[in-house]
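Contents: one structure, followed by commentary.
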């Protein structure tokens with residue numbers, strides 16, 4: 001009996017010890033800890049809302065580990081790219097259903113040399129897709145009619161036409177035609193040599209580039225333009241997009257694509273009718289952010305320019321409204337110019353030394369007031385919102401596009417002194433919000449050491465490369481989630497810093513002048529194929 005009593009005690013002691021070990025290990029954090037933000041989309045409500053959930057436990061990581069995680073995102077994208085011309089052609093055909101354009105092999109070699117993306121041009125393909133339903137002659141005719149429509153005496157229909165023929169870039173009247181200064185940045189990429197020489201962004205004539213580099217060009221250095229046999233291009237000088245046709249009208253798309261165009265008509269809706277006019281022609285109500293748009297953005301009410309054509313014509317623009325406009329989007333001339341500027345601002349302030357507040361300074365761009373309803377415009381709502389949030393330092397520095405309401409704005413929105421752009425980098429949290437269209441400060445913000453919050457309804461050429469909640473924090477158009485998401489960043493400092501690092505290293509790798517160059521080079525080859533019908537000649541299958 002004594003033996004059984006001793007055995008029972010040993011058994012009981014062992015069971016107690018096992019339970020204690022299990023309970024202890026349950027509360028010891030494992031080394032496998034993720035910093036990824038989990039996004040749970042809510043059931044449809046009166047607005048689109050995302051709930052940001054942080055991990056229950058966060059492991060303190062070193063600076064080296066955080067950078068390594070950001071670099072891993074880059075390596076994953078690099079590894080996914082086609083490594084050979086044959087693989088690139090195969091992926092191209094899979095994505096588009098057609099063969100690549102003529103000289104795609106030259107583009108591929110150049111893109112590999114410059115370490116550009118090879119396969120991720122979905123935005124470009126989507127922009128050009130409607131035009132591939134047109135025969136080349138119809139595409140050429142539409143450009144010709146667009147040019148013949150001309151600019152009105154007041155300049156409201158303004159755009160600029162250039163021609164590339166046998167590698168020579170000319171204006172509308174030949175080589176002696178002046179080229180507007182705002183086109184200098186784009187021309188720097190059209191006529192960029194393989195040796196890396198660039199046309200000065202301030203130059204107004206492409207001939208100056210050709211003359212200054214004649215010796216190099218004569219030695220056989222190819223230009224991107226040299227790969228273009230014949231092409232006419234129309235550039236939009238405005239920030240705002242120009243091409244909208246009625247997606248909702250019965251058979252509108254079919255008519256736009258398949259019926260020969262007789263002329264290009266322009267329309268300028270009044271400020272009073274603009275919102276309803278635009279809403280009728282854009283499928284907002286079918287878009288994911290339809291419930292948010294309403295009258296919460298100045299562009300939808302009374303943009304600085306309101307000049308549109310409902311004809312499907314190829315116009316090259318900085319940006320366009322998502323889910324609506326048919327402009328062909330290219331890297332903004334603002335981004336190209338800033339990339340050419342060797343004196344551009346660089347953020348040298350580490351995360352730990354930044355002020356834990358959201359900062360923004362800017363002007364009242366984003367739509368001209370029609371009435372006192374301007375208070376609902378996106379930038380005005382941002383400034384008002386900040387007055388009730390102690391974590392925000394946000395203010396206007398200048399009143400523009402205010403018409404008869406300048407004094408009313410001055411009384412309701414006290415101005416703050418202007419500050420150098422580098423002042424933004426003192427803060428952990430930066431919000432980038434639309435102006436008249438997209439904001440050109442987005443790219444330098446992404447390349448900083450700060451966390452970027454982004455509100456926009458506009459599309460840019462790099463759409464799809466950046467991931468929300470991985471490289472930036474998206475904000476609803478009505479700003480209804482801004483305070484909540486800012487508070488999340490304040491409460492979860494390590495995850496917020498990781499997103500900032502992801503953005504910094506990714507944008508410094510892929511939002512570069514070389515990548516913009518590769519984007520436009522491919523775009524011009526695609527447009528030349530639309531113009532001529534020529535595509536890459538593939539070797540016969542064996």
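The values are calculated or read from the model by the stated rules, or taken from the named source; none is laboratory data. These numbers come from a predicted model, not from an experiment. All Cβ positions, even for glycine, are placed from backbone atoms using ideal geometry, and neighbour counts span all protein chains on display.
Give the stretch 475-493 a look and list any residue that's closer than 26 Å to residue 327 by Cα and in contact with a strand residue (DSSP E or B) (Cβ under 7 Å, 6 or more places away or on another chain), or say none.
Matches in the stretch 475-493: 475, 477.
Just to verify a result, which residue in the stretch 115-148, among those that are in a loop (DSSP other than H, G, I, E, B) and at pLDDT 95 or above, is farthest from residue 261 (Cα to Cα)?
Top of the filtered list is 115.
Condition check ((1) farther than 20 Å from residue 320 by Cβ; (2) in a loop (DSSP other than H, G, I, E, B)) across all residues:
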{"residue": "419", "(1), (2)": "yes, yes"}
{"residue": "424", "(1), (2)": "yes, no"}
{"residue": "465", "(1), (2)": "no, yes"}
{"residue": "473", "(1), (2)": "yes, no"}
{"residue": "495", "(1), (2)": "yes, no"}
{"residue": "505", "(1), (2)": "yes, no"}
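Answer with yes or no whether residue 397 is at pLDDT 95 or above, touching a helix residue (DSSP H, G or I) at 6+ places or on another chain (Cβ under 7 Å) and farther than 18 Å from residue 473 by Cβ.
Judged against the criteria, residue 397 is not a match.
Which condition does residue 336 not pass, out of (1) in contact with a strand residue (DSSP E or B) (Cβ under 8 Å, 6 or more places away or on another chain); (2) part of a helix (DSSP H, G or I), if it passes all the others?
Result: residue 336 fails condition (1) only.
Before we move on, is residue 438 in the same structural domain as residue 504 (by TED's automatic domain parsing), surrounded by 17 or more Cβ atoms within 10 Å (Cβ to Cβ) and at pLDDT 95 or above?
no
Listed here are the residues, each with its yes/no results for (1) in contact with a helix residue (DSSP H, G or I) (Cβ under 7 Å, 6 or more places away or on another chain); (2) within 23 Å of residue 511 (Cβ to Cβ); (3) touching a residue at least 24 places away in the same chain (Cβ under 8 Å).
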| position | (1), (2), (3) |
| --- | --- |
| 332 | no, yes, yes |
| 336 | yes, yes, yes |
| 351 | yes, yes, yes |
| 356 | yes, no, yes |
| 370 | yes, no, yes |
| 389 | yes, no, yes |
| 403 | no, no, yes |
| 411 | no, no, no |
| 430 | yes, yes, yes |
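For residues in the stretch 432-463 being free of Cβ contacts under 8 Å to residues at least 60 places away in the same chain and in a strand (DSSP E or B), which is nearest to residue 495 (Cα to Cα)?
Looking at residues that are free of Cβ contacts under 8 Å to residues at least 60 places away in the same chain and in a strand (DSSP E or B), I get 451.
Which of the residues that make up the stretch 57-82 are more than 26 Å from the chain's Cα centre (by Cα) and surrounded by fewer than 14 Cβ atoms within 10 Å (Cβ to Cβ)?
Looking only at the stretch 57-82, we keep the residues that are more than 26 Å from the chain's Cα centre (by Cα), and these are 57-65.
57, 60, 62, 63, 64, 65 - these are the residues of the stretch 57-82 that are more than 26 Å from the chain's Cα centre (by Cα) and surrounded by fewer than 14 Cβ atoms within 10 Å (Cβ to Cβ).
(1) closer than 30 Å to residue 302 by Cα; (2) in contact with a strand residue (DSSP E or B) (Cβ under 9 Å, 6 or more places away or on another chain); (3) modelled with pLDDT under 75; (4) surrounded by 18 or more Cβ atoms within 10 Å (Cβ to Cβ): which one isn't true of residue 243, the others all being true?
The single condition residue 243 does not satisfy is (3).
So that you can scan it fast, the table gives a plain yes or no per residue for (1) touching a residue at least 12 places away in the same chain (Cβ under 8 Å); (2) over 19 Å from residue 237 (Cβ atoms); (3) surrounded by 23 or more Cβ atoms within 10 Å (Cβ to Cβ):
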position	(1), (2), (3)
301	yes, yes, yes
306	yes, no, no
318	yes, no, yes
344	yes, yes, no
359	yes, yes, no
373	yes, yes, no
379	yes, yes, yes
385	yes, yes, no
398	yes, yes, no
